[in-house]
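Notes to accompany the following structure.
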Amino acid sequence: MAKIDPTWLEAFDKELLHLFAIDHRDAGMDEYLLRCYADLPPSDAALAFSNDYDLERDDALWPRPGVPV
């Protein structure tokens, strides 16, 4: 089995942190689960993972300052 590309994983973690305030370790993702999403671009993978596991955006309950409600 192919290893997860470290560059992809770093970009994926950045997307998860930006959108959901977690990284893959916080989400409990192991290498098997990461490989399920590794064929997607990191931003698409983060959104697909969030849809599959019902993650809430980090600003879902508390809008960011300056963003109209």
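A short reminder: the numbers here are calculations on the coordinates, not readings from a lab. If you're wondering where the values come from, they're calculated on a predicted model, not measured in any experiment.
How much length, in nm to one decimal, is gained on full extension between Asp52 and Thr7, taken as 0.36 nm per residue of separation minus their Cα-Cα distance? List each step's numbers first, then the result.
Details: separation 45, 0.36 × 45 = 16.20 nm, distance 2.30 nm.
Extra length available between Asp52 and Thr7 comes to 13.9 nm.
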### Query
³J(HN,Hα) across region 17-23 via Karplus (A = 6.51, B = -1.76, C = 1.60, θ = phi - 60°), whole Hz, x for Gly/Pro?
5, 5, 8, 10, 6, 9, 10
### Task
Apply the Karplus parameterisation 6.51 cos²θ - 1.76 cosθ + 1.60, with θ equal to phi minus 60°, to every residue of region 38-43 and state each ³J(HN,Hα) to the nearest whole Hz, in sequence, with x for glycine and proline.
5, 7, 9, x, x, 5
